[in-house]
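Report on the structure given below.
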Amino acid sequence: MNNTVVKVNKISKFYKNVQAIHDISFEVEKGEIFGLIGPDGAGKTTIFRILTTLLLADTGKANLAGFDVVSDYKKIRNIVGYMPGRFSLYQDLSVIENLMFFATVFGTTIEENYDLIKDIYIQIEPFKNRLAGKLSGGMKQKLALSCALIHKPEILILDEPTTGVDAVSRKEFWEMLRKLKEKEITIMVSTPYMDEASLCDRVALIQNGEFLDIETPENIINKFDKKLWSVKSQDMYQLRNDLNEFQYSDTVFAFGQTLHYTDIRKEISNREIEEFIKSKNHQNISVVSIEPNIEDCFMNLMTK
Amino acid sequence: MNDNNDIIIKAIDLTKKFGSFVANDNLNFEVKQNEIFGFLGANGAGKTTAMRIMCGLSKPSSGEINVAGFNVYTQSEKIKKKIGYMCQKFSLYEDLTVFENIRFYGGIYGMSRKDIRNEAGRLLQDMGINKYRNSLIASLPMGWKQKLAFLIAIIHKPKIVFLDEPTGGVDPITRRQFWDLIYKASHDGITVFVTTHYMDEAEYCDRISIMVDGKIVALDTPENLTTKYKSKNMDEVFIKLARKPVTSNQ
């Protein structure tokens, strides 16, 4: 098992009487992009803080690159790059000063590992004398990633790097992660955006401190055990109400301009659903059988 | 639609400058009554600046803007009474109970005690959380807080509610329940003005505007936009419009 870089065994954490995470176990392979996908309050940050030695688990064990998160915490801090969810650089230092600070703290120089951050840093270099606090959101994110990488970590842990970030910057960020993966850095990343799951090699879907599943994105989709329909009509608001009241209705979820519908009957065709919708006086009806996406799967697992 | 009674927000050449920086550059748009209007744009495109002006919190540098029949230059206090506002991290007061929060916000908007009691009763009934009336907000599940925050933002029956990324970080089921509440509010006559980074949510809107660098570069129904920009969905439209050529060599 030389390739396992992160090994987590039955960790739990309580805050007073609230259980934040419950018996979590998983492993991450070298060079993987491993995603923790789930909403706020699911326990993503708690897991990352335990792995980065910033928080002690109440029970269970975890090690990174063979080092125990409790007894070897100093070693772990040298091999992990961590980008917390909240921007945590020095706002009153400039871009270049922040980068130099982090390089110095880890006993290295910007020059030594420049090729690792080059692609990212070059985009903020024109602003290198600007105070970090005065950067735009996208630029802060790039600086934070550069600082987390400057000591050439084996494992990069990114807590919700794309939260509140627009769709364009999110895409660019994931492209940067892809490039880092090529450099054999193991990446753990958390996100509340379900569509980002497909960009990971494996994901853990997490809700209320428990994993709903750990799988490759493809397998999560393959495991979806229902037939899924995409349904449309002229009056979507009314359509949703009608389908919700349909006696055979299982789930009805809005998805952009269509509804995703599952039926409690196993063997049915478009016809039966169409007939029902027609009987409710809808026009421009469309009922198409579709493949689920990660969000469909997440909701399916949530309601189990 | 040129019937003026149907237009609830009207901006003509709205411009806001901070020094030499132009945050809003000659914005022209109209929002119709009862509409769900999606206000999209990359981070830093100028959405928040425009929203603050519409809420009467900041004045334009030039241009005309009318909100709920009032002029933002001279009648901003009147505007504030006619609108509701909810931002992503605006949670309610955690150390007040559900009812205390309702009473607090109702009070701010000048509702009578009787109205507050009635509306609170209806709201708690609708959400099915009557028995949590006297529970602290801190003790409620995350998803409930968000929904409750929305219902409280419209407790005074505003003409327009402004929602700034209301569903960030919310689980997918709650996110949809939240949109059900938005639809209902719009059905009940409240105009909804919403920003979001979820492009599937953009498709729930009646019309959408997309801002890039302080300008509105597109404004139409989601369907027309996807046709016009030959895209599968709003995500593609957004990427096409908002992705800028990288100035420095990447």
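Side notes on the structure shown:
- Cα-based helix-to-principal-axis angle, A:95-105 vs chain A, degrees rounded to 10: 70 degrees
- Placing a label point 7 Å from the Cα of B:F104 along the Cα-to-Cβ line, no residue of region A:1-39 has its backbone N under 16 Å from it.
- With both labels modelled 7 Å from their Cα along Cα-to-Cβ, the B:R122 to A:D58 distance reads 4.3 nm.
- Fraction of beta bridges assigned by DSSP in chain B that are antiparallel (%, nearest 5): 55 percent
- Folded to 0 to 90 degrees: helix A:167-182 orientation relative to chain A principal axis, Cα: 60 degrees
- Of the residues A:C200, A:C297, the one with the fewest other Cβ atoms within 10 Å heads the list, and the complete ranking is A:C200, A:C297.
- Sites B:S231 and A:Y248, calculated FRET efficiency, Cβ-Cβ separation with R0 41 Å, nearest 0.05: 0.75
- Legend: distances between Cα atoms for A:K227/A:K278; A:K7/A:K179; A:K171/B:K81; A:K10/A:K304; pairs beyond 28 Å are A:K171/B:K81.
- DSSP bridge orientation in the protein assembly as shown - percent antiparallel, rounded to nearest 5: 60 percent
- For the residue pairs A:K74/A:K142; A:K232/B:K157; B:K17/B:K147, the alpha carbons lie more than 28 Å apart in A:K232/B:K157; B:K17/B:K147.
- Dipole magnitude for chain A: about 660 debye, using +1 per Lys or Arg Cβ and -1 per Asp or Glu Cβ, origin at the Cα centre.
- Under Karplus coefficients 6.51, -1.76 and 1.60, residue-wise ³J(HN,Hα) of region B:10-16 in Hz, glycine/proline x: 9, 10, 10, 6, 5, 9, 9
- Relative to the current alpha-carbon distance between A:D68 and A:E154, full extension at 0.36 nm per residue lengthens the span by 29.4 nm.
- For chain A, the longest principal axis of the C-alpha atoms and the axis of helix A:137-149 are separated by about 50°.
- Estimated 222 nm signal from helices in chain A, with DSSP H stretches of n ≥ 4 weighted -39500 (n - 2.57), rounded to 500: -9500 deg cm²/dmol
- If you plug the beta carbon distance of B:I7 and B:Q75 into 1/(1 + (r/R0)^6) with R0 = 22 Å, you get a FRET efficiency near 0.85.
- Cα gyration tensor shape for chain A, rounded if a/c is under 1.5, else prolate or oblate: prolate
- All Cα-Cα separations within the protein assembly as shown were binned at 20 Å from zero, giving a P(r) of 19, 52, 28, 1, each value a whole percent of the pairs.
- The fewest-to-most ranking of A:S146, A:S233 by surrounding Cβ atoms within 10 Å reads A:S233, A:S146.
- Amide hydrogen neighbours beyond the local backbone of A:S94, cut-off 5 Å, H modeled: A:A132
- For A:Y248, net neighbour charge (Lys/Arg +1, Asp/Glu -1) across residues whose Cβ lies under 10 Å away: -2
- Entry for region B:70-109 at q = 0.26 Å⁻¹: log10 I(q)/I(0) = -0.92, Debye formula applied to identical alpha-carbon scatterers, no solvent contribution.
- Share antiparallel - DSSP beta bridges, region A:4-217, percent rounded to 5: 55 percent
- Loop-located trypsin sites (Lys or Arg not before Pro) in region A:226-266 (DSSP state not H, G, I, E or B) with no more than 15 neighbouring Cβ atoms inside 10 Å: A:K226, A:R265, A:K266.
- Counting only other chain Cβ atoms within 10 Å of each residue's Cβ, the peptide A:39-48 averages 3.
Values in this text are rule-based calculations from the coordinates and carry no lab data. Because the structure is predicted, anything quoted here is derived from the model rather than measured. Neighbour counts run over all protein chains shown; Cβ positions are idealised from the backbone, glycine included.
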